[in-house]
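The values are calculated or read from the model by the stated rules, or taken from the named source; none is laboratory data. Nothing here was measured: the structure is a model prediction, and the numbers come from that model. In this analysis, Cβ positions are derived from the backbone assuming ideal geometry, glycine residues included, and neighbour counts consider all displayed protein chains.
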Amino acid sequence: MLKPNAHYTELKDSYLFYHIAQKTKAYLDVHPGAHLYRMGIGDVSQPLCKAAIDALHTAVDDQAQESTFHGYMPECGAPFLREAIAAHYAARDVALDADEVFVSSGASDELGDILDLFERGSTVLIPEPAYPAYVDANVIAGNRIVHLPTGKAQGFLPLPDTKIEADVIYLCSPSNPTGAVLSRAQLQQWIDHANRTGAVILFDAAYEAFIEDGALPHSIFELPGARTCAIEICSLSKTAGFTGTRLGYTVLPKTLERCGQNLNAMWVRNRTTKTNGISYILQKGGAAIFTQEGQTQIKAQIAVYKRNAKILTDALNDCGIWYTGGKNAPYIWLECPGGMKSWDFFDYLLQNAQIIGTPGAGFGACAEGYFRFSCFGSVQETTMAAKRLKEVC
Ligand code: MLT
């Protein structure tokens, strides 16, 4: 008799953002036509930049001609895109071979898929508040999760604890959901810890493009020792508006080995078995982001989201609500006013201001009492939302 994966029974009833979508739908069923200010899931509002759109159009036309048509793409990514990404790192003084870059269908897909590299039942350290997919993907994989809570007193920044032994360590910097960014010295502590203990760091850099403080690292590979302990997972979703288009990349150095096995070679073996590559059209659109024109255009888009952050933080200042983030990240992390629990604050904002945010409790037990706003809406919507927030808080 077939036995389903029993670990599914250990998951919460529904995934955080699905649960929010269900609650939103229930509200709209009772208030049809209500206008909602959506600052929950971090979904972008600006269209793809011109450089990407032009490249996508050209690639579609390429598929119409026998001489330029592409069928299956290389499983680990097209050389033109792998080389463009390696050159982007080189501009930041990080030397990579193009075959250390793996093109993916996005960071969230990759963060779960990459667990194929590790033995089932591995011990996984997840600093919290954390993106909930880290936890759920590891529950499904049957791994042992060790939660490392952080709080306001340490700026929501995790540091290694020598008493905790883990095989895999998740780090997200800039953090989703708190917007906190590990300094070079803090990240170096994690790298040294991982090299000492043999752990592998899964470094989620999906929000690196939002860093504006020049002293903060964008990539873990800017620091010494990372090539023997880290895998970096990146995405064009937030950087370039690809949430619905789907494209990302993973940097897995050829120098990363454990127990005599080379993880880069293992990932090549995995991808060549489990995927047939990302479409030619998408990879052409993605490569355009790494041109000078593409970089200028996405920086202008990020500036719009930063403007939203300023609008929201000004409103929070007026309300006297404590917050962090919004500077080097597209998320604002705030304390629920009046000691409210986070799902109660969610309901309060929805009912009274038609604002949707994300309750802290969805990011781990230590995040109860906090709340997240995404800054990815339009300036007009964000301005209206800030006004309504001030009316009810
Ligand atoms: C978020 O809101 O945390 C993200 O948009 C979710 C994701 O990237 O999958």
Only one of A288, A300 that is surrounded by 23 or more Cβ atoms within 10 Å (Cβ to Cβ), away from the ligand (no atom under 16 Å from the Cβ), more than 18 Å from the chain's Cα centre (by Cα) and under 30 Å from F102 (Cβ atoms): A288
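Within the range 140-163, which residues are part of a strand (DSSP E or B) and free of Cβ contacts under 8 Å to residues at least 24 places away in the same chain? Spell out the reasoning first.
Taking the range 140-163 as the starting set, the residues that turn out to be part of a strand (DSSP E or B) are 144-149.
Matches in the range 140-163: R144, I145, V146, L148.
Looking at the range 31-49, is at least one residue assigned to a helix (DSSP H, G or I) and over 14 Å from E381 (Cβ atoms)?
Looking only at the range 31-49, we keep the residues that are assigned to a helix (DSSP H, G or I), and these are none.
Within the range 31-49, none of the residues are assigned to a helix (DSSP H, G or I) and over 14 Å from E381 (Cβ atoms).
Being closer than 22 Å to E100 by Cα and either of a type outside the set (S, T, N, Q) or under 17 Å from the mean Cα position of the chain (by Cα) (or both) narrows it down to one residue among G214, G179, G241, G198; which is it? Quick ask: steps written out before the conclusion?
Numbers: G214 fails: closer than 22 Å to E100 by Cα; G179 fails: closer than 22 Å to E100 by Cα; G241 fails: closer than 22 Å to E100 by Cα.
Result: G198 is the single residue among G214, G179, G241, G198 that is closer than 22 Å to E100 by Cα and either of a type outside the set (S, T, N, Q) or under 17 Å from the mean Cα position of the chain (by Cα) (or both).
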Given the options A206, A180, name the one that is among the small types (G, A, S) and in contact with a Cys (Cβ under 8 Å, 6 or more places away or on another chain). A206
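Right, P177: outside the structural domain of F371 (by TED's automatic domain parsing), surrounded by fewer than 18 Cβ atoms within 10 Å (Cβ to Cβ), in contact with a helix residue (DSSP H, G or I) (Cβ under 6 Å, 6 or more places away or on another chain) and in contact (Cβ under 8 Å) with a residue 12 or more places away in the chain or not? I'd like the intermediate steps shown before the answer.
On the way: outside the structural domain of F371 (by TED's automatic domain parsing): yes; surrounded by fewer than 18 Cβ atoms within 10 Å (Cβ to Cβ): no; in contact with a helix residue (DSSP H, G or I) (Cβ under 6 Å, 6 or more places away or on another chain): yes; in contact (Cβ under 8 Å) with a residue 12 or more places away in the chain: yes.
Criteria not met by P177.
On the given criteria, is V124 assigned to a strand (DSSP E or B), among the β-branched types (V, I, T) and more than 16 Å from the ligand (Cβ to nearest atom)?
yes
Between A166, A209, A215, A180, which is under 22 Å from F373 (Cβ atoms), part of a loop (DSSP other than H, G, I, E, B) and not hydroxyl-bearing (S, T, Y)?
A180
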Just checking, how many residues over the range 371-393 are in contact with a helix residue (DSSP H, G or I) (Cβ under 7 Å, 6 or more places away or on another chain) and hydroxyl-bearing (S, T, Y)? 2
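Looking at this structure, is A230 without any contact (Cβ under 8 Å) to a residue 60 or more places away in the chain, touching a helix residue (DSSP H, G or I) at 6+ places or on another chain (Cβ under 7 Å) and buried (at least 24 other Cβ atoms within 10 Å of the Cβ)?
yes
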Can you pull out every residue in the range 161-172 that is under 23 Å from C234 (Cβ atoms) and not β-branched (V, I, T)? A166, D167, Y170, L171, C172
Can you spot a residue in the range 287-307 that is touching a strand residue (DSSP E or B) at 6+ places or on another chain (Cβ under 7 Å), modelled with pLDDT of 95 or more and of a type in the set (S, T, Y)? no
Hey, could you check the range 37-63 for residues that are of a type in the set (G, A, S) and over 20 Å from A107 (Cα atoms) and say which is farthest from the ligand (Cβ to nearest atom)? A59
